[in-house]
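Please read the structure below before turning to the comments.
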Amino acid sequence: MKHVDKIKLFYLAIILAVTGLNGVNAQKVKQPNIILIMTDQHQAEALSIAGNTDLKTPNLDKLAKSGIRFEKTYVTFPLCTPSRSSMFTGKMPHNLGVNSNEEGDEIIKPSEKGLMLGNVLQRAGYDCAYGGKWHAHEASMVAGNGFEMIAPMGDIGLAEKSIAYLQSRKKTEKPFFLTVSFDNPHNICEWARNEPLAYGNITEVPLDQTPQLPKNHIQAATFPEVLKLEQEASKKIYPTSNYTAEDWRQYRYTYYKLVEKVDAEIGKILNAIDDLDLRKNTLIIFTSDHGDGNASHGWNQKTALIEESIKVPFIASFEGKILKNQVKNTLISNGLDLYPTLSEYAGVDIPKTLIGKSLKAVFEIPNSSIERDFIVTETKFDGKTAYGTSGRAVIGKRYKYVLYSWGKNREQLFDLENDSLEMNNLVNSKTHIKIKDQFRKYLYNWCKETNDTSFLKKLILPSDSKLSSSSLFDKPY
């Protein structure tokens, strides 16, 4: 770096420290490059390194072996726009007023734009570039979010354009933050509707070459009524009501092939990182915005608070900083924790208003963890075409509590340690009353503390409360 540039950076650091702008630390160490790779609708189990023998993801497996993989990563909302809005602001969708994919009033407010991750890191001295799907709300990156758009939404050519950007970074010492956001395996939505796939169709194969149905394919007797009604009311989104077992198996085969297709594209980028010798000062993170039902509970798509829809992959790799081949069961929220994590790596003070936690210590210090009892995932179905059902899931270290806004079986409690497939609802179990009440309290306190007022009136209160749960909503709205 030239002497003049060093002087400029020195005075910039002083100015930012005095003004408090972005909270950039004046005495920060050399800022690492950051590469965030995302897929869309990628459930946690859709990795061969996670033990799934129905697909092969050699490139993501290799990335996981070079660093750390988290097995309990949840999204803030199992839908594209709300989830992505969280990831780039560090806030819950209900605090942002974003709970839909539809453009209109539910957009990230101008007051939040300046605090979005791209803008914050840009002011901290980073060149910020974005390629692929943005969808918060616009499909492709637009001005005002702090990023230079290097490629619009679309998987074809995205890897090549991202590699070209990486090659251009060899000419400068300025740190960069590159996000590469692939659309697949989201094309499973079009496949389910018998529509052409944007990046090439997947050919059906004989039934004996398709995956078996998951063990939780048949809905349990206590499956929430509202999910069945929402599914029936939105045929275009959930066109699977008449699926045979054979149809579902072809669905699963196609979904896994779409994952394999995007894994190959990711491999191009990871190979380029190695070829350009960028590993030594580059943090690489891989995750997704939500999962897919993938035939579990007879569900396709997302939005429901089932594990397959709300749990996603999360991998981090940083040569010389993160130990290799680690697997962690630390409970994390990618929508809340990504922002403070990247902020700390960039030398930016984490806003005290954020409730997420930096994962830097967990990445780099053996046996390090995060102290938290639970995380929350929220959801809301589109009220324009169906019932507008809302819901909250409180996921703890062992148990998971789910509450939808109305309907029969709207309350659920699962022991994920012994029932990871969520087939045995313990909400009426006498031996689990204290646990159920504890999670009811967790949700009540969460709604109060995070100003989740819209769902506060939908709660079922603990059995020891003076207020009766019968006074709460038991029907839509």
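The values are calculated or read from the model by the stated rules, or taken from the named source; none is laboratory data. It should be emphasised that the depicted structure is a prediction, and the values quoted were computed from it without experimental measurement. With ideal geometry, Cβ positions are generated from the backbone for all residues, glycine too; neighbour counts draw on all protein chains shown.
Annotations for the structure displayed:
- Some residue of segment 416-433 being part of a loop (DSSP other than H, G, I, E, B), touching a Ser or Thr at 6+ places or on another chain (Cβ under 6 Å) and of a type in the set (Ser, Thr, Tyr): no
- Of the residues making up segment 161-205, those that are under 27 Å from ALA129 (Cβ atoms) and charged (D, E, K, R) are LYS161, ARG169, LYS170, LYS171, GLU173, LYS174, ASP183.
- Considering only residues in segment 108-158 that are crowded, with 23+ Cβ neighbours inside 10 Å and charged (D, E, K, R), the one that is nearest to PRO340 (Cα to Cα) turns out to be LYS133.
- Any hit, segment 397-405, residues being over 27 Å from ARG84 (Cβ atoms) and in contact with a Phe, Trp or Tyr (Cβ under 7 Å, 6 or more places away or on another chain): yes
- Residues satisfying the stated conditions in segment 407-419, i.e. more than 14 Å from TYR74 (Cβ to Cβ), touching a residue at least 60 places away in the same chain (Cβ under 8 Å) and in contact with a strand residue (DSSP E or B) (Cβ under 9 Å, 6 or more places away or on another chain): ARG410, GLN412
- Close pairs (9 angstrom Cβ cut-off, 6 or more residues apart or separate chains): in the same structural domain as THR179 (by TED's automatic domain parsing) in segment 255-284, among the acidic types (Asp, Glu) and surrounded by 22 or more Cβ atoms within 10 Å (Cβ to Cβ) anywhere: TYR255/ASP292; LYS261/ASP155; VAL262/ASP40; VAL262/ASP155; VAL262/ASP183; GLU265/ASP155
- Tabulated pairs, segment 159-176, first over 20 Å from ILE266 (Cβ atoms), second aromatic (Phe, Trp, Tyr), C-beta under 8 angstrom, 6+ apart or interchain: LYS174/TYR126; PRO175/TYR126
Residues checked against (1) in contact with a His (Cβ under 9 Å, 6 or more places away or on another chain); (2) within 30 Å of TYR126 (Cβ to Cβ); (3) not in a strand (DSSP E or B):
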residue: PRO239; (1), (2), (3): no, no, yes
residue: ARG252; (1), (2), (3): no, no, yes
residue: LEU258; (1), (2), (3): yes, no, yes
residue: GLU265; (1), (2), (3): no, yes, yes
residue: LEU270; (1), (2), (3): no, yes, yes
residue: ASP277; (1), (2), (3): no, yes, yes
residue: ILE285; (1), (2), (3): no, yes, no
residue: ASP292; (1), (2), (3): yes, no, yes
residue: THR303; (1), (2), (3): yes, no, yes
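- Residue in segment 13-25 that is within 21 Å of TYR126 (Cβ to Cβ), modelled with pLDDT of 95 or more and part of a loop (DSSP other than H, G, I, E, B) present: no
- Restricted to segment 307-343, and to residues there that are among the charged types (D, E, K, R) and surrounded by fewer than 19 Cβ atoms within 10 Å (Cβ to Cβ), the residue that is farthest from LEU117 (Cα to Cα) is LYS324.
- Flag if SER333 is in the same structural domain as PHE70 (by TED's automatic domain parsing), closer than 30 Å to SER429 by Cβ and of a type in the set (Ser, Thr, Tyr): yes
- Whichever residue in segment 222-237 is at pLDDT 95 or above and assigned to a loop (DSSP other than H, G, I, E, B) and, among such residues, is surrounded by the most Cβ atoms within 10 Å (Cβ to Cβ): PRO224
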